[in-house]
Amino acid sequence: MKFRYLAAASAAALALSMTASPALAHGGGHHPAHQPGAATEVAAQLISPLKVAFGPKGSYLVAESFAGQLSKIDAKGKKTTVVNAPGQEIGGVSYANGTTYYLNNDQSDDPSAEPGAALLPARLMSIDSRGKTRMMADLSKFEAAHNPDGKTVYGLRDASPACLAKAPYLRQTGEVFSHPYSSSPGRGGVFVGDAGANNIVFVSNSGKVRLVKQLPAEPIVVDAAVVALGAEMGMPIPDCAIGLKYYAQPVPTDIEVNGRWVYYTVLPGVPGESLGVGKAYRTNIVTGRTELLAKGLAAPTGIAVGRDDKVYVAQLLGDGVSVLKHGKPVNVLPAAMAADVAVSGHTLAAVTEALMPTGKLMTVRLR
């Protein structure tokens, strides 16, 4: 039961959008426990706006991923196309010191191909203040050469051979697959979260790639909900697996560097993406120490750090954007399909309704 964020979560979210009740479309019908200020709609009718960043001169940069576009949107909602690459997946946009960073991933020509069936180019790109574009690195080459999780066992680790014989698809090792999905500038280069390789890497300005952290598998107990999900997917789970731990792929969906810490969200792979078991972490870049910030998140796909080190998360299948307080999400922007969040000063920006025709860029004034 392999899982890859963009393919599986998008399908789940699209299905959800077709059946969403009015209450869900407005944040699940719950009043936010803390609302900093009224939300402002900056732009709408965006096509799959999956990533957002603050750009130059008060603008916002939005990756309209499935449209193969990177757009710049000013404070009045005027949109300018920065990158137009039909057929490509554009994502992971970030910005610092006059330079825009984004990811350009090749897509398979076979729509029926399983994600990860082939290793395709996965490029970290940059655009400098003069408009010059260059490729900093192709992350697929690093994955091909190293495949850091190649010996990691995903799935059922403790099942008997007889049990696994009934469902061999319930155990596998990390495949050679690169799908960089998020980026965050750092000193001397850019940090990248690879949702295919399940890791965080650093790409220097000269293009050298090094591993920062290979994320550990996320254990999920096989219970009735997991069994039901397996049945829906056409992957029946035998009774002998009930009660065991299924070690899901730890898909990083967003990263942000703040000081000596890299903050990141993890959306555990099948069966975790639809069970509300997402998590937020931070890892000290110097010491490697990792801290769990929150768990029980509903498909967390965005993370941002604001003033006083407040951490915000966007939950694609949750009730919008929340601030983490004592390990719990407290809603600050009710919205359906909040795909990403960014914070600068007193302004929070988020892309919402991301997999609906009404994709939006929203802002909230933080107090």
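Can you tell which of P268, P238 is under 18 Å from the mean Cα position of the chain (by Cα) and touching a residue at least 12 places away in the same chain (Cβ under 8 Å)?
Just one listed residue meets the conditions, P268.
Quick one: what pairs do we get from segment 352-367, first residue at positive phi, second crowded, with 19+ Cβ neighbours inside 10 Å and modelled with pLDDT of 95 or more, C-beta under 8 Å, 6+ apart or different chains?
Matching pairs, first to second residue: E353/A335; E353/A336; E353/M337; E353/G359; E353/K360.
Given (1) more than 21 Å from the chain's Cα centre (by Cα); (2) polar (S, T, N, Q); (3) buried (at least 16 other Cβ atoms within 10 Å of the Cβ), identify the lone condition not met by T173.
Result: T173 fails condition (3) only.
State which residue is farthest from G77 (Cα to Cα) when the search covers only segment 312-367 and only residues that are outside any loop (DSSP other than H, G, I, E, B) and small (G, A, S).
In this case the residue turns out to be S322.
List the strands (runs of 3 or more DSSP E) that sit entirely inside segment 33-107 and contain at least 2 residues that are surrounded by 15 or more Cβ atoms within 10 Å (Cβ to Cβ) and either polar (S, T, N, Q) or free of Cβ contacts under 8 Å to residues at least 60 places away in the same chain (or both).
Result: 60-64, 69-73, 79-84, 89-96, 99-105.
Could you list, in sequence order, all residues of segment 169-193 that are in contact with a helix residue (DSSP H, G or I) (Cβ under 6 Å, 6 or more places away or on another chain) and within 12 Å of G92 (Cβ to Cβ)?
Result: P180, single match.
Kindly evaluate A165 against the criterion of being farther than 28 Å from F191 by Cα and in a loop (DSSP other than H, G, I, E, B).
The answer is no for A165.
Of the residues that sit in segment 241-272 and are farther than 21 Å from S178 by Cβ and charged (D, E, K, R), which one is surrounded by the fewest Cβ atoms within 10 Å (Cβ to Cβ)?
Of everything passing the filter in segment 241-272, R260 is surrounded by the fewest Cβ atoms within 10 Å (Cβ to Cβ).
One line per residue, one yes/no per condition, for (1) surrounded by fewer than 24 Cβ atoms within 10 Å (Cβ to Cβ); (2) under 20 Å from S59 (Cα atoms):
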position: L316; (1), (2): no, no
position: S322; (1), (2): no, no
position: K325; (1), (2): yes, no
position: V330; (1), (2): yes, no
position: S344; (1), (2): yes, yes
position: T347; (1), (2): yes, yes
position: T352; (1), (2): no, yes
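Could you say which residue among S178, S206 is part of a loop (DSSP other than H, G, I, E, B), surrounded by fewer than 20 Cβ atoms within 10 Å (Cβ to Cβ), of a type in the set (S, T, N, Q) and at negative phi?
The match here is S206.
Within segment 271-278, is there a residue that is modelled with pLDDT of 95 or more, in a strand (DSSP E or B) and closer than 29 Å to A144 by Cβ?
yes
Tally the residues that are crowded, with 21+ Cβ neighbours inside 10 Å and part of a strand (DSSP E or B), restricting the search to segment 140-155.
Qualifying residue count for the region: 2.
Pairs only if they're at least six apart or on different chains, beta carbon under 9 angstrom, first in segment 210-235 and free of Cβ contacts under 8 Å to residues at least 60 places away in the same chain and basic (K, R), second part of a helix (DSSP H, G or I) and crowded, with 18+ Cβ neighbours inside 10 Å; list them, first residue then second.
If the second residue must be part of a helix (DSSP H, G or I) and crowded, with 18+ Cβ neighbours inside 10 Å, the pairs left are R210/F142.
The values are calculated or read from the model by the stated rules, or taken from the named source; none is laboratory data. Small disclaimer: the values here were computed from a predicted structure and weren't measured. Here the Cβ is made from the backbone with ideal geometry for all residues, glycine too, and neighbour counts use every protein chain on show.
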